[in-house]
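The values are calculated or read from the model by the stated rules, or taken from the named source; none is laboratory data. Given the structure is predicted, the values throughout are model-derived calculations rather than measurements. Positions of Cβ are generated from backbone atoms using ideal geometry, with glycine treated the same way; all protein chains shown enter the neighbour counts. The accessibility values were calculated without ligands, DNA or RNA, using every heavy atom of the protein model including side chains. Shrake-Rupley method; radii C 1.70, N 1.55, O 1.52, S 1.80 Å.
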Amino acid sequence: MLDRFNRKINYLRISVTDRCNLRCHYCMPADNPCMLRHQDILRFEEIQQVVAVAAALGVDKIRLTGGEPLVRRDIVELVSMISAVPGLSDLAMTTNGILLPDFALPLARAGLRRVNISLDTTDAVKFREITRGGDIQKVFKGIEAAREAGLLPVKVNCVVGPGPHGEDARGVADYCMRNGLQLRFIQQMDLQAGHFGIVEGGSGGDCKHCNRLRLTSDGKMKPCLFSDLSYDIRQLGIHRAMEMALDTKPEKGTVNRLNCFHNIGG
Ligand code: SAM
Ligand code: SF4
C-alpha cells in the first residue's frame with residue numbers, strides 16, 4: 001500500500017503488551033501509571049486477524065514489541081499464529097533479552113526470524129541503574145541463546161543521550177564487535193512521565209523513508225509514533241482502521257501527548 005506521500009507501507013510493528021519486567025528510566029516511570037486493563041489488551045486471535053488483513057494489503061514485515069513482548073503469556077503460541085499467516089517475509093521481535101535464555105529456541109521453532117536486543121551499557125552496575133534492577137548477565141545469556149537458536153542477525157539497540165557517545169556506548173560497540181552483533185544507536189527521546197515530549201520534525205526517525213504503521217496492545221492503529229492520531233480496530237474494524245491510519249499518515253511526526261511509549265512500543 002502507498003500513503004499520500006507515495007511511501008510504500010509494508011511494515012507493521014505490534015505492541016503485544018504494555019507490561020515489562022524492567023523499568024528503564026527513559027521509558028517507564030518506576031510505578032506504571034499507564035497500565036492498561038486486561039480486557040482492553042488484544043487477544044491472540046485479534047492480533048492474528050490484524051496481521052492477516054495487513055498482509056493482504058501488502059505488509060510483509062512484522063515486528064513484535066512492547067512493553068516486553070516476552071512477558072506476554074504464551075508468546076510462543078502467538079508467534080506461531082502470526083508466522084502461519086501467508087505473505088510474510090520477515091517476523092522479528094524487539095526485546096530486552098532477559099527471558100531469551102528460556103524463549104529463544106521455542107520462538108525460533110515457532111517461526112520467529114530474528115531479534116533486536118536492547119543494551120545500553122556493558123557495566124552490570126550501570127545496567128542495574130538504567131533498568132532499575134535488571135541483571136545484565138541474563139541479557140548476555142539471552143544474546144548467546146538467540147545466536148544459538150539462529151535468530152540471526154542478532155541486532156543490539158543502544159539508547160544514547162545527546163552529545164558525543166560516552167564510555168557506555170563505546171563498551172557496547174566493543175562488545176558487539178567481539179561477538180559479531182550488529183549495533184544500532186538510538187537517540188534517547190525526551191519522555192516526561194512516560195509520554196513523548198516534542199520531537200520537532202520527527203527527529204526520532206527518517207520520515208521520508210518511513211514504511212510503517214503501528215498497533216498498540218489495546219488495538220489502536222497508529223500512523224506515526226510522533227502523532228496523536230490513532231484508530232481503534234475494535235470500533236472501526238481492522239480494515240477501516242488500517243485504511244484510516246494509512247490515509248492520515250503525516251509527512252512528518254511532531255508530538256504525541258496521549259500514548260505511553262511503552263504501550264506503542266518504541
Ligand atoms: N522491552 C523491549 C526492549 O526494551 O527492547 C521492547 C520495547 S522498548 C519500548 C523498544 C525500544 O525502545 C528499546 O530498544 C528501547 O531501548 C527503546 N526506547 C525506550 N525508551 C526510549 C526513549 N525514551 N528514547 C529512545 N528509545 C527508547
Ligand atoms: Fe521495558 Fe523495554 Fe521500556 Fe526498558 S525500554 S522499560 S525493557 S519496555
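If you take all other residues with their beta carbon under 9 Å from the beta carbon of I14, and give Lys and Arg +1 and Asp and Glu -1, the sum is +3.
Taken as Cα centroids, the range 86-115 and the range 1-52 sit 16 Å apart, rounded to the nearest whole angstrom.
Rounded to the nearest Hz, the phi-derived 3J(HN,Hα) couplings of the range 114-125 under the Karplus curve 6.51 cos²θ - 1.76 cosθ + 1.60 (θ = phi - 60°) are 7, 10, 10, 10, 8, 8, 9, 7, 10, 8, 4, 5, where x marks glycine and proline. Split the accessible area of the chain by element, probe 1.4 Å, and carbon with sulfur accounts for 51%. Can you give me the Rg/Rh ratio for the chain, using Cα atoms for both radii and the Kirkwood formula for Rh? Computed over Cα atoms, the ratio is 0.94.
Please give the net charge around K126, taking every other residue with its beta carbon less than 9 angstrom from that of K126, where Lys and Arg add +1 and Asp and Glu add -1. With Lys, Arg at +1 and Asp, Glu at -1, the net is -3. Among G67, G171, G97, the residue with the largest mean-square fluctuation in a Gaussian network model of the chain, with springs joining Cα atoms closer than 10 Å, is G171.
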